[in-house]
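Asks: My questions all concern the structure below.
The values are calculated or read from the model by the stated rules, or taken from the named source; none is laboratory data. Owing to the predicted nature of the structure, the values given are computational and were not obtained by experimental measurement. As a convention, Cβ positions derive from the backbone with ideal geometry for all residues, glycine included, and neighbour counts pool all protein chains shown.
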Amino acid sequence: ASVQAQLVKIGIKGGLNYANQNGSEININNENYSTSAITSYHAGLVAEIKLLKSFAIQPELLYSTQGATYKNAVEEFKNELGYLSIPVMAKVYLNKVVSLELGPQASFLLSERNNFDIKDANTFEFAANAGLSFKITNNFFLAGRYSLGLTDASKNAEVKNSVVQVSAGFLF
């Protein structure tokens, strides 16, 4: 049992998202829009499965809000998308404290909140993630990550989610 406890740790994490939507064509109802980033959050469960001394797999189950503020010459509105995100990160320990994280992420749309009538978000998104994690103690960590959407976030525009995440977490 003590060997098993060393190999698998389960915990919680949460933090801030700095999210935007970028694309070559942001056109809604035949009007062009520019976007600016929104600040939102993410929270959920994390596991670390240690395979080697300096390598682990880190699956996560997170609720993450993403989106952007859209502006044109006349109006401005915020589009906030709530996803169930499942990143699976390869975690390479560079030393006892710092680790590099790389991996894919699948996200499923749970909610779409905006102050206009269009409900046009795609229900699935695939992304690539990269980041760094810092082990503060044996159980407490801080992490920073960039998530780049690889599939369109909208049915009506060629836009992709782009998210910078800053997290804190605790492994039991």
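Asks: If G15 satisfies every condition in (1) under 11 Å from the mean Cα position of the chain (by Cα); (2) buried (at least 19 other Cβ atoms within 10 Å of the Cβ); (3) over 16 Å from A121 (Cβ atoms) but one, which is the exception?
Replies: Here G15 clears every test but (2).
Asks: Okay, next question. Scanning the range 18-40 for residues that are touching an Asp or Glu at 6+ places or on another chain (Cβ under 7 Å), at pLDDT below 90 and of a type in the set (G, A, S), which turns out surrounded by the most Cβ atoms within 10 Å (Cβ to Cβ)?
Replies: The qualifying residue surrounded by the most Cβ atoms within 10 Å (Cβ to Cβ) is G23.
Asks: On to the next question. Are there any pairs, at least 6 apart or on different chains, whose C-beta atoms fall under 6 Å, with the first in the range 41-53 and surrounded by 14 or more Cβ atoms within 10 Å (Cβ to Cβ) and the second among the basic types (K, R), and if so, which?
Replies: V46/K13; E48/K9
Asks: Just give me the residues in the range 72-99 being of a type in the set (A, V, I, L, M) and under 16 Å from the mean Cα position of the chain (by Cα), in sequence order.
Replies: Those that are of a type in the set (A, V, I, L, M) and under 16 Å from the mean Cα position of the chain (by Cα): L81, L84, I86, V88, M89, A90.
Asks: All but one of (1) aliphatic (A, V, I, L, M); (2) within 29 Å of N30 (Cβ to Cβ); (3) out of contact with any Leu (no Cβ under 8 Å at 6 or more places or on another chain) hold for L81, so report the exception by its number.
Replies: Just one mismatch for L81, condition (3).
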